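Below you'll find the structure, written out as structure tokens, and then a few comments.
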Amino acid sequence: MTARIALAAAAKSGPPVSAYRRRLGVAAIVLVSAILLFSHRALADEGGVSFWVPGFFGSLAATPQQPGWSLANIYYHTSVSAGGDVARSREFTLGRVPGNVTVNANLNLHVNATGDLGFVIPTYVFATPVFGGQASASLVGAYGVVSTTLAGQLSGNLTGPGGGNIPFMRSDSLSDTTWGFGDLIPQFALRWNAGVHNYMTYITGDIPVGAYDSNRLSNIGIGHGAIDAGGGYTYFNPATGHEFSGVLGFTYNFKNTSTQYQNGVDMHFDWGASQFLTKQVQVGLVGYAYKEAGCDSGSGDRIGCFQSQVFGVGPQFGYVFPLSQGLQGYINLKGYGEFGNSARPAGWNTWLTFVISPAAAPPPPAHRMITK
């Protein structure tokens, strides 16, 4: 039986269609709740780093889930680099440039960073409807390592308190590695289903308790609080296996009291498109667009507006399988190559996810009509 025929057969049976949608939705939605802690934080919007990690949402983001507890475990690797704009920002943050002068130009500075993190994300999906939709609550925690190097020459003119200009040049070569826990990220979401159309809204934020020191080159936490909210849509047709999802959101950043720096408002759009070859096997593409819509501010901002942006795209593969009578497993591998970056590092990142979630309830048994 071909994948299309198998999916069409499931669609004709009524209740199993919604069960199939929930089964896939639990795995995928737990996956997208995972990556909000890291990616480019080794560098900064302050220094090029944001609270929102592009790629946080992906395929099936708005589809219903199976009520109950689920648990996602994720291995995340990233490798990024940036040129003079981000490197210069890090020089200011680290206090490498005297506080009573400004640097008007810079040359040949580069920052490189890699990160390896493990995430644990428990999620609870409520059975009782909220505003006619399905509510869920998650908490993201992480532990891992970030390594960063900064090297090159910083040059330009130093403008002193009296207005005089002094030629400035210095060679720097710095490296730092940090092990530790990341910030805590709670999230609450609501999802609604109308046939093949699914809608969602969410709110999340950053509790800045992770490993962070403004005098350190590598950090896992971001050093400030943030609130992020948005909404999304998923088209998913179990009869054909076609799926597309998109989620738009905005981040408000609180001031970093260690550096007196406040990132501007961030805008982000994450998307995923996939085809289910069978009810278990999923292939497709994922991508994101990130743009800082507002300017950075605060007394610690010595480099101006510094609006970050980056784009990314890459492949994905997913597989759903039974673990027991009441549990199912989901494995997902996806990766992004980044491009079009400005005032932000870019490179590539990969996510390997394993999710344990409640299995969809089986359809009710058919009853044979008895006639005399």
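The figures follow:
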| quantity | calculated |
| --- | --- |
| Rounded to whole Hz, the Karplus (6.51, -1.76, 1.60) HN-Hα couplings of segment 116-123, x for glycine and proline | 10, 10, x, 10, 10, 10, x, 9 |
| Potential extension, residue 215-residue 339 segment - 0.36 nm per residue separation minus Cα distance | 41.7 nm |
| Amide hydrogen neighbours beyond the local backbone of residue 359, cut-off 5 Å, H modeled | 327, 328 |
| For residue 225, distant residues with modelled amide H under 5 Å away | 254 |
| Whole-number accessible area per residue in Å² for segment 188-296, which is evaluated in the context of all protein chains at 1.4 Å | 37 |
| Note, ³J(HN,Hα) from phi for segment 287-292, Karplus 6.51, -1.76, 1.60, rounded to Hz, x at Gly and Pro | x, 7, 9, 10, 8, 7 |
| FRET efficiency, residue 192 to residue 257 (Cβ-Cβ, R0 41 Å, nearest 0.05) | 0.55 |
| Gain on full stretching of the segment that runs from residue 199 to residue 350 - 0.36 nm per residue minus C-alpha separation | 51.7 nm |
| Segment residue 131-residue 240, length gained on full extension (0.36 nm per residue, minus Cα span) | 36.2 nm |
| Mean separation of Cα contacts under 8 Å, 6 or more apart, over the residue count of segment 214-366: relative contact order % | 15 |
| Mean Cβ neighbour count within 10 Å, used as a protection proxy, ranking 346-359, 121-134 highest first | 346-359, 121-134 |
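The values are calculated or read from the model by the stated rules, or taken from the named source; none is laboratory data. Note that the coordinates shown come from a computational prediction; the quantities given were computed from them, not determined experimentally. Please note: Cβ atoms are built from the backbone with ideal geometry, for glycine as well, and neighbour counts cover all protein chains shown. Please note that ligands, DNA and RNA were not included when accessible areas were found on the heavy atoms of the full protein model with its side chains. Shrake-Rupley method; radii C 1.70, N 1.55, O 1.52, S 1.80 Å.
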